[in-house]
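Take a look at the structure below.
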Amino acid sequence: MSPIGIFDSGIGGLSVLSHIHDLMPTEDLLYVADSGHLPYGSKTSEYVVQRAIAITRFLVEQQGAKAIVVACNTATVAAVSLLRSEFPIPIIGMEPGVKPGIKGSRSGVVAILATEGTLGSEKFQSLLEQHGNGAEVIVQPCNGWVEQVEHGEHDSPETRQMVANQIEPLLKRGADTLVLGCTHYPFLRETIGIYAGKETLVIDTGLAVAQELRRRLRLNNLLGMAKTGGNTQFWTSGSPERTEILISRLWGDPNRVNPLPV
């Protein structure tokens, strides 16, 4: 059975991997954490495209992936169109959640939390123009959040202060909906909830991406038919030892992490 390839700039995409595994537990999964090149959000678009192509080529040509999930918002806006033109398999990208955020808001004030690379992209601006009518959309780059997740500091005093500094001004401006526009941010959800409160809607698009992947696999007759649980393999361009520790903490099971050869 051919596997599904998933990649991110680091371990943030594990939030998407979890949804995919829950939805399709018998599929074999391949996960690449490009931690040696993070954060993507501060890199040029050309740099991110170069990494996305190299990783996708590794997953498809060397590992036989039948579909690719770009589990990174920044890489999606930079590279997903090019990947789709180069690889004749389903390529699923992330969506920043602008539409569900606006639909779910009661006050009409929505905050999009993302990296500078996502918020400054033409694709994101196009989504705002398409769906942002009648709502006040606040775009909030959350510098440092990705690094805190990568360091395993999801609930440290420093992380709490960083989150508070970003969230509290948004609430004062009337935002009642927060859209997590980066796959690292769901790992800060509990900390975000401390400052956002129970009345604030927090949107994570990871489940929607997993559902779209399943739809595309079914449409292309690629959905696995195995009855037993699938295997998950991991690679990283960073430190395999450190990534193993983070994955065991966030994914739940200890897994060997291989060095990424690209």
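Sub-7 Å Cβ pairs linking a first residue in region 198-224 that is in contact (Cβ under 8 Å) with a residue 60 or more places away in the chain to a second residue that is in a strand (DSSP E or B) and among the small types (Gly, Ala, Ser), at least 6 apart or interchain, are Leu213/Ala67; Arg216/Ala67; Leu217/Ala67; Leu222/Ala67, ordered by first then second residue. The test for being surrounded by fewer than 24 Cβ atoms within 10 Å (Cβ to Cβ) and at pLDDT 95 or above holds for Met24.
Let's see how each residue does on (1) touching a strand residue (DSSP E or B) at 6+ places or on another chain (Cβ under 8 Å); (2) not in a strand (DSSP E or B); (3) not assigned by the TED database to the domain that holds Trp145:
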position	(1), (2), (3)
Ile11	yes, yes, yes
His19	no, yes, yes
Glu27	yes, yes, yes
Gln50	no, yes, yes
Ile55	yes, yes, yes
Phe58	yes, yes, yes
Val69	yes, no, yes
Thr76	yes, yes, yes
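Screening region 209-230 for residues that are touching a Pro at 6+ places or on another chain (Cβ under 8 Å) and within 14 Å of Ile20 (Cβ to Cβ) and picking the one that is surrounded by the fewest Cβ atoms within 10 Å (Cβ to Cβ) gives Gly229. When Lys227 is tested against (1) of a type in the set (Lys, Arg); (2) at pLDDT below 95; (3) under 23 Å from Cys142 (Cβ atoms), exactly one condition is not met: (3). On the stretch given as region 29-48, residues that are in contact with a strand residue (DSSP E or B) (Cβ under 8 Å, 6 or more places away or on another chain) and either closer than 15 Å to Leu82 by Cα or part of a loop (DSSP other than H, G, I, E, B) (or both) total 1. When region 45-67 is filtered for residues that are more than 21 Å from Thr232 (Cβ to Cβ) and touching a Lys or Arg at 6+ places or on another chain (Cβ under 9 Å), only Arg51 remains.
With Val98, Val146 as the choices, which residue is touching a His at 6+ places or on another chain (Cβ under 9 Å) and at pLDDT below 90?
Numbers: Val146 fails: at pLDDT below 90.
Just a single option satisfies the conditions, and that option is Val98.
Scanning region 184-218 for residues that are assigned to a loop (DSSP other than H, G, I, E, B), modelled with pLDDT of 95 or more and under 14 Å from the mean Cα position of the chain (by Cα) turns up just one, His184.
The values are calculated or read from the model by the stated rules, or taken from the named source; none is laboratory data. Small disclaimer: the values here were computed from a predicted structure and weren't measured. Glycine also receives a Cβ, built like all others from the backbone with ideal geometry; neighbour counts cover every protein chain displayed.
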